[in-house]
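The values are calculated or read from the model by the stated rules, or taken from the named source; none is laboratory data. In this text, all values refer to a predicted model and were calculated from it rather than measured experimentally. Quick reminder, even Gly has a Cβ in these numbers, built from the backbone with ideal geometry, and neighbours come from all protein chains shown. Accessible surface areas use protein heavy atoms only, side chains included; no ligands, DNA or RNA. Shrake-Rupley method; radii C 1.70, N 1.55, O 1.52, S 1.80 Å.
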Amino acid sequence: MRPQNILIVDDEPGIVKMLDTILRKEGYASVDCALTGEEAMEKIRRHAYDLIVLDVMLPDTDGFRLCQEIRRHTDVPILFLTARSGDLDKLTGLGIGGDDYITKPFNPLEVAARIHVQFRRLEQYRTAGQAPEIYRFGSVVIDKKAARLWVSEKEVFCPAKEFELLLFLADHPNQVFTAGQLYERVWGYDSIGDEKTVAIHIMRLRKKIEPDAKNPSLIVTLRGIGYKLVPPGGGNPA
């Protein structure tokens, strides 16, 4: 496995030092830090990171706004780290492109564990299969090996966790999964399933791939049960 480059963006030096120490102890040798949004963007423009830990409350900008700017440059996983624990803040963070959300105070080992899960799953997708695997669902084309998505012959930007969720559903067409099952299979956490996290990512995917996101025909909801991906015509992907 190649070295993973992590950027920590937080204005509290104590938190930055603690995370830097624990991540290096966990084997992540390439850990970079930024105390402001401006410093973070300068580093993101100069370096290629594999994951970003991002505080919401920064001295020069809002972390949510910074996340949107980061998404113009990279689709790597973004893990929000913040003292703002309200549902609205969490839904906002996930809705604008975040992949995970941890509230302060936190156990640094939990942060390390969640980062490890992100990298493990990304590596699984990078190494799966030797030949390109292409899924076609009507106008939607998913390149599994290259982690790329096209809709109506136009490539569509898809952050890592959204793509993982879409790919999991594409790997299991016509199968129904509860939100808890999707959270466990895609996010990798057995005991802290989050239905809202799954719902937000499903909503974001529908806006990208459905002709009418309010009346989805590809990723459908079975009320009170869960979600499934239904190929056009009801059969397997072309």
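Kindly provide the set of residues from the range 1-39 that are open to solvent by 30 Å² or more (accessible area, probe 1.4 Å), in contact (Cβ under 8 Å) with a residue 60 or more places away in the chain and among the charged types (D, E, K, R), ordered by number.
E26
Working only within the range 178-201, note down all residues that are crowded, with 19+ Cβ neighbours inside 10 Å and in contact with a Phe, Trp or Tyr (Cβ under 6 Å, 6 or more places away or on another chain).
Of everything in the range 178-201, those that are crowded, with 19+ Cβ neighbours inside 10 Å and in contact with a Phe, Trp or Tyr (Cβ under 6 Å, 6 or more places away or on another chain) turn out to be V186, V198.
How many residues are part of a loop (DSSP other than H, G, I, E, B) and either among the polar types (S, T, N, Q) or open to solvent by 50 Å² or more (accessible area, probe 1.4 Å) (or both) if we restrict to the range 77-89?
Going through the range 77-89 one residue at a time, the tally reaches 3.
For the condition assigned to a loop (DSSP other than H, G, I, E, B) and open to solvent by 20 Å² or more (accessible area, probe 1.4 Å), what is the one hit in T74, T92?
T74
Out of the residues in the range 144-173 meeting the condition of being assigned to a strand (DSSP E or B) and modelled with pLDDT of 90 or more, tell me which one is nearest to R121 (Cα to Cα).
Ranking the candidates gives L149 first.
Just to be sure, is E38 in a helix (DSSP H, G or I) and under 20 Å from the mean Cα position of the chain (by Cα)?
no
Sort through P105, P59 and tell me the only one that's modelled with pLDDT of 90 or more and either in a loop (DSSP other than H, G, I, E, B) or under 15 Å from the mean Cα position of the chain (by Cα) (or both).
Among P105, P59, only P59 is modelled with pLDDT of 90 or more and either in a loop (DSSP other than H, G, I, E, B) or under 15 Å from the mean Cα position of the chain (by Cα) (or both).
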